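Reviewing the structure listed below.
Nothing in this text is a laboratory measurement; each read-out follows from the coordinates by a stated rule. Treat the numbers as computed from the prediction; the structure is a model and nothing was measured. For neighbour counting, all protein chains shown are included, and Cβ atoms are generated from backbone atoms with ideal geometry for every residue, glycine included.
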């Protein structure tokens, strides 16, 4: 009897251990018997190696799993379940990623921060899937760019070596050294002469500066003293300018009247009929004068 009781205890412990193990497995897989899930649909350009039963995570936390993967047109239709407590906003982001480098895939959802939620009856649109093939392709392209960069760096290094070689040759040239020493000596001599000149003429320079300052002050005082007369002169110049403008305006009016034949001078210059009449009168006067010279003047008093 005692042996049978021990067997029952062992069986109970085994069942409890099995329940704990199964519960742990279900918890790790994201399967909870009492969880309320909603069925959802998403479309991707490619699966990226996603398999049935793999998890759906919200910012890395498992909240569902994949149930169906089907080809529909040029897209992949994926059906999955998601915990109803998850709230997905309209600015969500969704993609298929790898949980680890050598592990399986997952649907990763960033629920977004918008105030409005999505319509859960409409399918979600997933982003571009980055699989290992594309990652290696990008690494290959990057390695090509790195090779080009290294090649350019080698060329730059060669150019720098050439420049340094030329500089060393230039510095090592005895003629250059001699010229450089001569130039430096001349510069030093010029600096000494300049310092000596400044030291010798420091008093004169101060006097010149003082004279310039005094001249500026005197000029400023003269302007202040004669300010009323200067203003009066400016006013007179302004009045003279107005009179000249008025005179020019009057001349313009006269010229305009002449041009429009409003005066006798204008008619004389521009009116051909008037000009012909004047010419005719002058011709008659000339004839009369000629006749008087030839025949004389006969006057009858009675």
Measure off 7 Å from each Cα along the Cα-to-Cβ vector at residue 219 and residue 234, then give the distance between these two points in nanometres to one decimal. 1.8 nm
Could you check the spin-label model distance between residue 190 and residue 175? Points 7 Å from the Cα along Cα→Cβ, value in nm. 2.3 nm
Given the Cα-Cα distance of residue 69 and residue 284 and 0.36 nm per residue of separation, how much length would full extension add, in nm? 64.8 nm
